[in-house]
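Values quoted throughout were computed directly from the atomic coordinates according to the rules given, and no laboratory measurement underlies them. Remember, predicted model here, so these are calculated numbers, not experimental data. We place every Cβ from the backbone using ideal geometry, glycine too, and count neighbours over all the protein chains shown.
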Amino acid sequence: MADAERPSALEPIDPYEWDTPMYRLAIAQLDAAAELMGLDDNLWERLRHPQRAQVVSFPFRRDDYRTVETVVGYRVQHLLTMGPTKGGVRYAPDVSLGEVTALSIWMTWKCAIMNLPFGGAKGGVRIDPTNLSKSELQRITRRYTSEIIEVIGPERDIPAPDLGTDMQVMAWILDTYSQQKGFAVPGVVTGKPVELGGSEGRAEATGRGVVACAVEACRHLGMALEGSRVVVQGYGNVGHAAAQIASHLGARVIAVSDAKGGVYDPKGLDLPALDAWIAEHRFLEGYPDAEAVSNSGLLELPCEILIPAAVQNQITETNADRIACKILVEGANGPTSLEADSVLCERGITVVPDILANAGGVTVSYFEWVQGLQQFFWSEEEVNTRLIDLMQRAFREVMAVSEHEKVDLRTAALMRGIDRVKEAKRRRGVFP
Ligand code: NAD
């Protein structure tokens, strides 16, 4: 084909199957950083695509036994250059191939920023886990595992918990995989229970990393976390741990929420009382000792530190000018749109991006993998100290790029991650 007829390498002619708003966000972020870096076009184009994407559908039996429903699941591996691929599995009603692909791309940058020997992956099943019994969730998990069994494994691709999944789901994946292989393979997942070879400190690791970033951002701005007002959207694995650890360090957690809405007390919430309420009622709804607040209202509460730790696309051009925090630490993946990013930047709000802020989870997953390989397990204190050390180091490296290149922290984090991947890809060359 003559050069003049060839479409530009960086503009896909037809949308790909994974072309969704979230995928476009991941690509727009990659493009912005790649352009600034002067990244080689061939590599740039390569990084825009998932290396492998598997879509599966399978039946599962409801508890009444007569009803059989069909659900769709995904496993996407973005980059196989660095080692095994790594990434969570999410259970949510709107999971799509594009969403999982975007998340796998972010996992690649996250692992590279933290200097972990993994490429990015992500999986998901399109279900609403809140409408399913534990036994239904177990059947779905076991069947999903058996559908993707050829692409996962301790040396191939290692799932972990994400939205709507937890250590119990990881235990079912481990058991299903091991049953089919004929021997125990604990290394097939991370984020598993400690009794099965999980790591101390993994459950709180993402939240702990989020707070470590908040502390570093405060330090950079000459503020203190102690006494700061903290607002957390999403009181699940990440948000709960972040709120607890921030409170432990002396911050005032004034609002938290779940999928149904939130609670607010400007004097600071009583977190143990909230936990007791949730243990009994499952959701925050109806908690008597604080004001009710909607999920969108919560994001606009005046505070020093805002932590979105629920779902994507929460801070957009429609509310970015009303966000009233000084520091936004992204616990969730993709909570801020591209347009919102520039509004927040203009307004002087420091955004610690997801690929840095929530990398604590994959970092302790890496510790879990290393401990499992050596069959030598660390104390919780050792895990937490090493995690904080790596998070602080990564934050400072990203901050140094941001100051040197005069770019925001997201662009700096992307540049750092892409640069590591670029060097590895250059060394390996193109096969064949
Ligand atoms: P989770 O399922 O444990 O908790 C999610 C929380 O958000 C729950 O309180 C849920 O009720 C709430 N929620 C769900 N939908 C909501 C909505 N539309 N609006 C407001 N709240 C809603 O999930 P998690 O593991 O804590 O993950 C939360 C986010 O953090 C996700 O974006 C995930 O990708 C990201 N993340 C998780 C980990 C991890 O280790 N679990 C690591 C990195 C990033």
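Cβ neighbours within 10 Å, averaged per peptide: list 412-421, 396-405, 69-78 in order, most packed at the top. It would help to have the intermediate numbers written out before the result.
Details: 412-421: 23.5, 396-405: 15.5, 69-78: 21.7.
Top of the packing list down: 412-421, 69-78, 396-405.
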Please sort 262-269, 378-385, 362-369 by packing, taking for each peptide the average over its residues of neighbouring beta carbons within 10 angstrom, highest first. 362-369, 262-269, 378-385
Taking a crude spin-label model, label points 7 Å out from Cα along the C-beta direction, the T318 to A424 distance in nm is 3.8 nm
Please build a GNM for the chain, connecting alpha carbons under 10 Å apart, and tell me which residue among A251, A205, A309 fluctuates the most. A251
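So if R0 is 51 Å, what FRET efficiency would L196 and D270 give, r being the distance between their Cβ atoms, rounded to the nearest 0.05?
Details: r = 34 Å, r/R0 = 0.67.
My answer for the efficiency is 0.90.
Regarding the chain, what's the average projected area of the Cα-atom convex hull, expressed in nm²?
On the way: hull surface 90.0 nm².
Reported value for the Cα convex hull: 22.5 nm².
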Where a label projected 7 Å from the Cα of I149 along Cα→Cβ would reach, residues of segment 181-215 with amide N under 20 Å: 181-190
Euclidean distance between Cα centres, segment 335-350 to segment 52-93, Å: 33 Å
Quick check: the distance between the Cα centres of segment 361-377 and segment 313-327, to the nearest angstrom? 36 Å
Reach of K181 by Cα under 30 Å, taken over lysines that are not fewer than 8 positions away in the same chain: K86, K122, K134, K192
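Over segment 230-380, what is the relative contact order in whole percent, taking alpha-carbon pairs under 8 Å and six or more residues apart? Please report the intermediate quantities before stating the final value.
Details: 266 pairs, mean separation 29.2, N = 151.
Over segment 230-380, the number comes to 19 percent.
Pulled fully out, how much extra length does the chain show between A259 and R66, if you take 0.36 nm times their separation in residues and subtract their Cα-Cα distance? Could the numbers behind the result be given before it?
Values: separation 193, 0.36 × 193 = 69.48 nm, distance 3.04 nm.
My answer for the length gained is 66.4 nm.
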Would you mind pulling out the separation of the Cα centroids of segment 17-45 and segment 94-146, in Å? 21 Å
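Count neighbours as other Cβ atoms within 10 Å of each site's Cβ, and list the chymotrypsin sites (Phe, Trp or Tyr not before Pro) in segment 99-204 that are DSSP loop with at most 13 such neighbours.
Values: sites: W106, W109, F118, Y144, W172, Y177, F183; in loops: F118, F183.
Sites meeting the loop and neighbour criteria: F183.
Can you list the DSSP H helices in the chain whose Cα atoms extend at least 27 Å along the helix axis and whose mean Kyte-Doolittle hydropathy is 0.0 or higher?
On the way: long enough: 202-221 (29 Å, 0.26); 380-405 (37 Å, -0.57); 409-428 (29 Å, -0.97).
For the chain, where a helix must reach 27 Å along its axis and average at least 0.0, the hits are 202-221.
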Which trypsin sites (Lys or Arg not before Pro) from segment 35-70 combine a DSSP loop assignment with at most 14 other Cβ atoms within 10 Å? R62, R66
Extension reserve of the D19-R156 stretch, reckoned as 0.36 nm per residue once the Cα distance is removed: 46.8 nm
Compute the distance in nm between two label points, each set 7 Å from the Cα along the Cα-to-Cβ direction, one at S379 and one at R347. 4.5 nm
What is segment 294-432's relative contact order, in percent, from Cα pairs under 8 angstrom and six or more apart in sequence? 17 percent
Taking a crude spin-label model, label points 7 Å out from Cα along the C-beta direction, the L249 to K181 distance in nm is 3.7 nm
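Starting from segment 39-69, pick out the chymotrypsin sites (Phe, Trp or Tyr not before Pro) whose DSSP state is loop and whose Cβ has at most 14 other Cβ atoms within 10 Å. Walk me through the numbers before you get to the answer.
Values: sites: W44, F60, Y65; in loops: Y65.
Counting only loop positions with at most 14 other Cβ atoms within 10 Å, the chymotrypsin sites (Phe, Trp or Tyr not before Pro) in segment 39-69 are Y65.
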Based solely on C-alpha atoms, express the radius of gyration and the Dmax of segment 241-359 in angstrom. 14.1, 44
